[in-house]
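First up is the structure itself, then whatever we jot down about it.
The values are calculated or read from the model by the stated rules, or taken from the named source; none is laboratory data. Computed from a predicted model, the values in this text were never measured in an experiment. Calculation scope for accessible area: heavy atoms of the full protein, side chains included, ligands and nucleic acids excluded. Shrake-Rupley method; radii C 1.70, N 1.55, O 1.52, S 1.80 Å.
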Amino acid sequence: MFVRCLKVGLVAALLSFSAQAEPHLRMTQSHYSAQVQVQDMGTISRSVDQLCRECQAHITNFNCDINNANGNLNVRVPEEKLGRFCEGLRKVGLVRSENRSSSDNTSSYVEAQRNLEIAEKSLSSQWTVSGSALNAKEKGLVDAEFKAYLRDRINSYRSTINNYEQNHGFAEVSVNLSGTPIRPEQAPEQARQPAHPRQRLETTQFEVVAEPTAVAPVNNSTNLALLGPAAVMLALIAFFVVKQRSRPEPESSRPDPVTQSDV
């Protein structure tokens, strides 16, 4: 274990070594962020694509929710066309706020290159594990673990260098998009319909017929009581009619008798 710690310390000392030469290439990068209010979220995708084609920009992330009227846009823009891209955003919508900054990654880039060179030289060197505290098998394990550590560091340095080189000359742009949410009555007819409409079930209506009302039974004694007065009234009416017909007519209404003189 002592040998392992000694090797790790030696590699760390070599990796921390820095040269005195000045770098020839400056790795600077611009950063731009803004909040843009869009009037019509339905056409934002077409506007963003057109702006990116004009500025030769590459979209790394773009999402837009038309219903909630919000979205995010991440773009890599060439440094020389960042100003043109920012002006184009003002045609897409109203820029509420913006922030622009830059970072100089030259020293980190140069340090990663130097550390990579030292790690590669350390891996190609012939290391021998000495000491009587470890047997042959343990020495082999220590040597394999040390080389695995060097390979991990080499991969990390290469990834850092590639990242700096890919971002060199490009500005990172981050835009927050917002707008007016669409009300339900403004949504298209197809959008308001459910994806799986419910089936309409036809029902048959039945008319409820009320039960017949029971008729109370007729009492014979009640009928006789009603027929008696009715018969009396009919008899009185008949008597009055016969009496009127049998009454003699008045003298004034009779015709004059015929005399002999008239004959």
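Counting heavy atoms of the protein chains alone, Phe170 has an accessible area of about 60 Å² for a 1.4 Å probe. Which translational diffusion coefficient, to the nearest whole µm²/s, is obtained for the range 111-155 from the Stokes-Einstein equation, given a Kirkwood hydrodynamic radius over C-alpha pairs, 37 °C and 0.692 mPa s? This corresponds to a translational diffusion coefficient of 285 µm²/s.
Send over the Kirkwood Rh of the range 40-195, from the inverse of the averaged 1/r over different Cα pairs, rounded to one decimal Å. Present the calculation step by step, with values, prior to reporting the outcome.
On the way: mean 1/r = 0.0488 Å⁻¹.
So the Kirkwood estimate lands at 20.5 Å.
Go through Cys64, Cys55 and list them by solvent-accessible area, largest first, probe radius 1.4 Å. Display every interim value, and only then the final one.
Numbers: Cys64 50, Cys55 0 Å².
So the residues, ranked largest to smallest area, are Cys64, Cys55.
Accessible-area rank, largest first, for Leu177, Leu123, Leu234: Leu234, Leu123, Leu177, with all protein chains present and a 1.4 angstrom probe.
Dividing the convex hull volume of the Cα atoms of the range 72-156 by its residue count, what figure in Å³ per residue is obtained? Spell out each step's value before the answer.
Values: hull volume 14.3 nm³, N = 85.
Measuring per residue, one finds 168 Å³ for the Cα hull of the range 72-156.
The Cα trace of the range 58-117 gives Rg and Dmax of 17.0, 53 Å, the first to one decimal, the second as a whole number.
Of the residues Met27, Met233, the one with the largest accessible area comes first in the ranking Met233, Met27, computed with a 1.4 Å probe on protein heavy atoms. Summarised in one figure, the compactness ratio Rg/Rh of the range 17-103, Cα atoms and Kirkwood Rh, is 1.12.
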